[in-house]
Amino acid sequence: MTDFGLDINYIAEQNKLAVQNVKNDYDNLGEKLARQNIDIEAVKAQIQKFAVAIPSWGVGTGGTRFARFPGIGEPRNIFEKLDDCCLIQQLTQATPSVSLHIPWDKVDDPSELKQYGNVRGLAFDAMNSNTFQDQEGQKHSYKFGSLSHVDKATREQAVAHNIDCIEFGEKLGSKALTVWIGDGSNFPGQVNFAKSFDRYIESMRKIYAALPDDWKLFTEHKIYEPAFYSTLMQDWGTNLMTALELGDKAHCLVDLGHHAPTVNIEMIVSRLVQAGKLGGFHFNDSKYGDDDLDSGSINPYQLFLVFNELVEAENNIANFNPMNMIDQSHNVTDPIESLMTSAMEIQRAYAQALLVNRTNLEAAQNTNDALRASETLKQAYRTDVEPILAMARLDLGGAIDPVSTYRVSGYRTQKAKERPSTGGSSSGII
Ligand code: PSV
Ligand code: MN
């Protein structure tokens, strides 16, 4: 182990055990893909360019509304979180940036934080504001809302917090602000839908006006929770209305867990692309609601279908570059292992989507050959792209098998000594 991350010689040694097998598998797959006129090297190059940001809050153990069962050696502050993110990037070579949540990650000296991250090979992705909780010493409560609150002073406080996040993010080199609010209602009649949305837009205009020229503003919709009758930004329709209302720098963020279970998310993605308003993703997976489970662990085909839309957009739109982030809660696993596995699952979906034969797909669509269209997608989805992912990592100095390399390294046990448990099992969703 070095000052941070793992010794590169150790990673190389671990890789040696499997390198020949990976090369053989890669060559075999390369031959198979060549028969379909696909250049495996080109797919690998695309995978190597792909990046997904780690949420700072994801490296701590998550919880439910009932309890949180802390793991050992959890990071206790943003610096320790960056240490864990550095390791994840080192082994996967897929996660070169971190998304911060303010005030959870607020520090007095942003330049120190920037330096600390950059030395570890990490950049700062979108900043996330937080007006869904009251902070210590805060004058006005968000119990009944924030940016859409009936009280002007409360709205102003929430606007000021978002502007603080922008200013803090500028010092870190971030280029985007993500706004997710808990505003909504628990009872029919509790809020006036139209008036509260007007108040929200008025607040968002003030935040938008404070954005630097090269920044983007992302708004995130969510069907329910913490409000259970109505959520102000409940779906992609409201999200799109907001982005259109605010202007060119405003885009919609799609958190996969923020929809009803039967909603066709890939189609929402396509619509937002078409409107020029897809800003990025919070990747996770779910069975019922906003479960924040690991990406690809429940419905990997859905993830593939989302990427199928993204590849389609990539092929047709110049500079198409949505910002990708993971947003998960790791309640029963080691967060580092979950985040590495999730980043690789997201890459896998992308790699599979790159294999779709788009000429055949279009031909099937134009001749109403539903079965052939579906099978064209399935053929790509059924391809085991693991050799591409492993080789992509290996080339860049990452690990062939990040989870095993991590487990053997003893990183967590070492951290358990350096980061004594803060004890207890507090509740809390993250
Ligand atoms: C809300 O459920 C959410 O998805 C938002 O992105 C928050 O910022 C994040 O979770 C963390 O709680
Ligand atoms: Mn989210």
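Bear in mind these aren't lab numbers, they're just calculated from the coordinates by the rules spelled out. In this text, all values refer to a predicted model and were calculated from it rather than measured experimentally. With ideal geometry, Cβ positions are generated from the backbone for all residues, glycine too; neighbour counts draw on all protein chains shown.
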| Looking only at region 342-360, which residues are surrounded by fewer than 19 Cβ atoms within 10 Å (Cβ to Cβ) and not in a loop (DSSP other than H, G, I, E, B)? | Arg358, Thr359, Asn360
| query | Restricting the search to region 220-246, which residues are closer than 20 Å to Asp291 by Cα and hydroxyl-bearing (Ser, Thr, Tyr)? | reply | Tyr224, Tyr229, Ser230, Thr231
| Is one or more of the residues making up region 289-301 under 13 Å from Glu220 (Cβ atoms), within 12 Å of ligand 2 (Cβ to nearest atom) and not basic (Lys, Arg)? | yes
| message | For a quick check of your reading of the model, give me the residue pairs whose first member lies in region 218-229 and is under 21 Å from Asn162 (Cα atoms) and part of a loop (DSSP other than H, G, I, E, B), whose second is hydrophobic (A, V, I, L, M, F, W, C) and within 11 Å of ligand 1 (Cβ to nearest atom), with beta-carbon atoms closer than 7 Å and at least 6 apart or on different chains. | response | His221/Met233; Lys222/Trp180; Lys222/Met233; Pro226/Phe132
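Find the residue count for region 99-125, including only residues that are part of a strand (DSSP E or B) and within 24 Å of Glu136 (Cβ to Cβ). Step through it out loud before you land on a result.
First pass over region 99-125, keeping only residues part of a strand (DSSP E or B): 99-101, 123-125.
Keeping just the survivors that are within 24 Å of Glu136 (Cβ to Cβ) gives 99-101.
Final tally of qualifying residues: 3.
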| Say we look at region 230-241 and pick out the residues that are crowded, with 23+ Cβ neighbours inside 10 Å and without any contact (Cβ under 8 Å) to a residue 60 or more places away in the chain; which of these is farthest from ligand 1 (Cβ to nearest atom)? | Trp236
| task | Filter region 378-396 down to residues that are under 25 Å from Leu6 (Cβ atoms) and within 23 Å of the chain's Cα centre (by Cα) and give me whichever is surrounded by the most Cβ atoms within 10 Å (Cβ to Cβ). | result | Ile388
| field | Leading residue by the ranking (farthest from the chain's Cα centre (by Cα)) among those in region 188-217 that are part of a loop (DSSP other than H, G, I, E, B) and farther than 15 Å from Val150 by Cβ | value | Pro188
| said: Could you tell me how many of the residues in region 299-331 are more than 29 Å from Met127 (Cβ to Cβ) and among the hydrophobic types (A, V, I, L, M, F, W, C)? | reply: 2
| remark: Checking Ser342, Ser329 in turn, the sole residue that is in contact with a Gly (Cβ under 6 Å, 6 or more places away or on another chain), within 16 Å of ligand 2 (Cβ to nearest atom) and hydroxyl-bearing (Ser, Thr, Tyr) turns out to be Ser329
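Checking the conditions here, which among Ser174, Ser270 is surrounded by 21 or more Cβ atoms within 10 Å (Cβ to Cβ), of a type in the set (S, T, N, Q) and over 28 Å from Val150 (Cβ atoms)? Even if it seems obvious, please write down each step before you answer.
Values: Ser270 fails: surrounded by 21 or more Cβ atoms within 10 Å (Cβ to Cβ).
Being surrounded by 21 or more Cβ atoms within 10 Å (Cβ to Cβ), of a type in the set (S, T, N, Q) and over 28 Å from Val150 (Cβ atoms) holds for just one of Ser174, Ser270, which is Ser174.
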